[in-house]
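Structure, as structure tokens:
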Protein chains: 2
Amino acid sequence: MFEFLQKKINETINISDEEFEYAKTLFIPKKLRKKRFLLHDGDPCIYTTFVEKGLLRSFRIDDKGNEHILQFGLQGWWVADLYSFLTGEPSEYNIEALEDSELLLITKPSWDKLLHEVPAFEHYFRILIQNNLIATQRRLMGTMSSTAEERYNKLLQEFPDIAQRVPQHMIASYIGVTRETLSRLRSQLASGS
Amino acid sequence: MFEFLQKKINETINISDEEFEYAKTLFIPKKLRKKRFLLHDGDPCIYTTFVEKGLLRSFRIDDKGNEHILQFGLQGWWVADLYSFLTGEPSEYNIEALEDSELLLITKPSWDKLLHEVPAFEHYFRILIQNNLIATQRRLMGTMSSTAEERYNKLLQEFPDIAQRVPQHMIASYIGVTRETLSRLRSQLASGS
DNA sequence: AAAAGTTCGTGACATAGGTCACGGTCATTT
DNA sequence: AAATGACCGTGACCTATGTCACGAACTTTT
């Protein structure tokens, strides 16, 4: 159950076996079936989640009822609504399993404890968040300077198998267009080249 | 020269006077006059910058020659191209002073030293980056779900005096529209309400 | 196997925002 | 004081993308 977490953490920091054994006691394993929700908007996001297996998505529903995907959570990724997790405020996001998934949950109090008692974890999460910030900044600049087609290609490059694993309308809502626009774009790409 | 830095840091963490005195030795004070560049794209971003006074902007120029502003750096803010700073790769961003500014620069080696030797700074930067990530995620979702007018109003709300301090075309390139669109939007707002 | 829901394509049309071009004002430089 | 360049508004037109509507294929449920 903890294999992937250990592997991922060891990619960035060095921790002793005892430290990892301690960390393990703070996580709550959970299986989540496809189409089930881990978080509904309006509720506070009380866990940060590590994806051991499966696939999650976090998304927002805007005033007009349109979905916008913030993140796909593949194996080895962390998923949460950070703001709600840190403040306890109601979340504006939903988190849903797109495949049967195996998750490791950690609550805010446990997370605080972990970061405080094992400084290597503070270091680990700093780097994790840092990389996430870089990626999010890139995506932001991409939405401002690239066409839908360029954003689509960039997504396929980053997540080569995502197009096979999730429905097209979710890909559309990740790159920030309607499903119709993506559909036309794809048929152009198929014929054009 | 270090008043604002100390104030800002004390807002999030508790550090002793000795720790701050040590930190001070790692920063390089620099005055940068209006329109001067701290970083040109193509060069590596060798400093992370704290704005003691003045105003910076970091921006990218895309393939078509259009500018896109990633960040306005007001007093008390940190500015850098994080990716380039961390990896040493050439930056795709420019950093320019929009007003005569007083800055505190820290190099990557000094920054690493600081975070390693004073754990409170690791904690401080984790929280800083975390808040930055939350803000960037919000801006990303905003560009996908809001109109140009909504994004403009949101910017004015967040930085009430920015409209007086920077030219309109930079505000346009921050919210992701052309200067013409912003100009029309503003004249609508002026007449409409 | 039938029914219901989900996914995807596509046509007709609407619209927000981009592009190009011009002119006027103001600040900065010489 | 003249000249140059930055800044901003605005008209005419263009284009990418959104909206609405319909139908077909496929999947899941009963």
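Could you tell me whether any residue of the stretch B:30-46 is within 14 Å of another protein chain (Cβ to nearest Cβ), surrounded by 13 or more Cβ atoms within 10 Å (Cβ to Cβ) and farther than 28 Å from A:SER145 by Cα? Within the stretch B:30-46 (the criterion being within 14 Å of another protein chain (Cβ to nearest Cβ), surrounded by 13 or more Cβ atoms within 10 Å (Cβ to Cβ) and farther than 28 Å from A:SER145 by Cα), the answer is no, since none of the residues qualifies.
For (1) more than 12 Å from chain B (Cβ to nearest Cβ); (2) buried (at least 21 other Cβ atoms within 10 Å of the Cβ); (3) at pLDDT 95 or above, each residue gets a yes or a no:
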residue	(1), (2), (3)
A:THR87	no, no, yes
A:TYR93	no, yes, yes
A:LEU105	yes, no, yes
A:PRO109	yes, no, yes
A:ASP112	no, no, yes
A:GLU149	yes, no, yes
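Exactly one residue among A:ILE106, A:ILE46, A:ILE69, A:ILE134 is closer than 24 Å to A:LYS7 by Cα and touching a residue at least 12 places away in the same chain (Cβ under 8 Å), and that residue is A:ILE106. Assessment of the stretch B:158-165 against the conditions (over 16 Å from the mean Cα position of the chain (by Cα), touching a residue at least 12 places away in the same chain (Cβ under 8 Å), assigned to a loop (DSSP other than H, G, I, E, B) and away from DNA strand D (no atom under 11 Å from the Cβ)) yields no matching residue. Answer yes or no as to whether B:GLU158 is within 10 Å of another protein chain (Cβ to nearest Cβ), under 24 Å from A:PHE85 (Cβ atoms), more than 10 Å from DNA strand C (Cβ to nearest atom) and charged (D, E, K, R). No: the conditions fail for B:GLU158. Number of residues in the stretch A:65-117 that are part of a loop (DSSP other than H, G, I, E, B), in contact with a Gly (Cβ under 8 Å, 6 or more places away or on another chain) and under 17 Å from B:GLY142 (Cα atoms) equals 1.
The set of residues in the stretch A:1-29 being loosely packed, with under 14 Cβ neighbours inside 10 Å and in contact with a strand residue (DSSP E or B) (Cβ under 8 Å, 6 or more places away or on another chain) consists of A:MET1, A:GLU3, A:ILE28, A:PRO29. In the stretch B:173-184, the residues that are touching a residue at least 24 places away in the same chain (Cβ under 8 Å) and within 14 Å of chain A (Cβ to nearest Cβ) reach residues that are within 9 Å of DNA strand D (Cβ to nearest atom) and not hydrophobic (A, V, I, L, M, F, W, C) with C-beta atoms within less than 7 angstrom, at least six apart or across chains, in these pairs: B:LEU182/B:GLN168.
If the condition is being of a type in the set (Val, Ile, Thr) and under 16 Å from B:ASN66 (Cβ atoms), then the stretch B:160-193 contributes B:ILE171, B:ILE175, B:VAL177, B:THR178, B:THR181.
The values are calculated or read from the model by the stated rules, or taken from the named source; none is laboratory data. Computed from a prediction, not measured in an experiment: that's the story for all the values here. Positions of Cβ are backbone-derived with ideal geometry, glycine not excepted, and every protein chain shown enters the neighbour counts.
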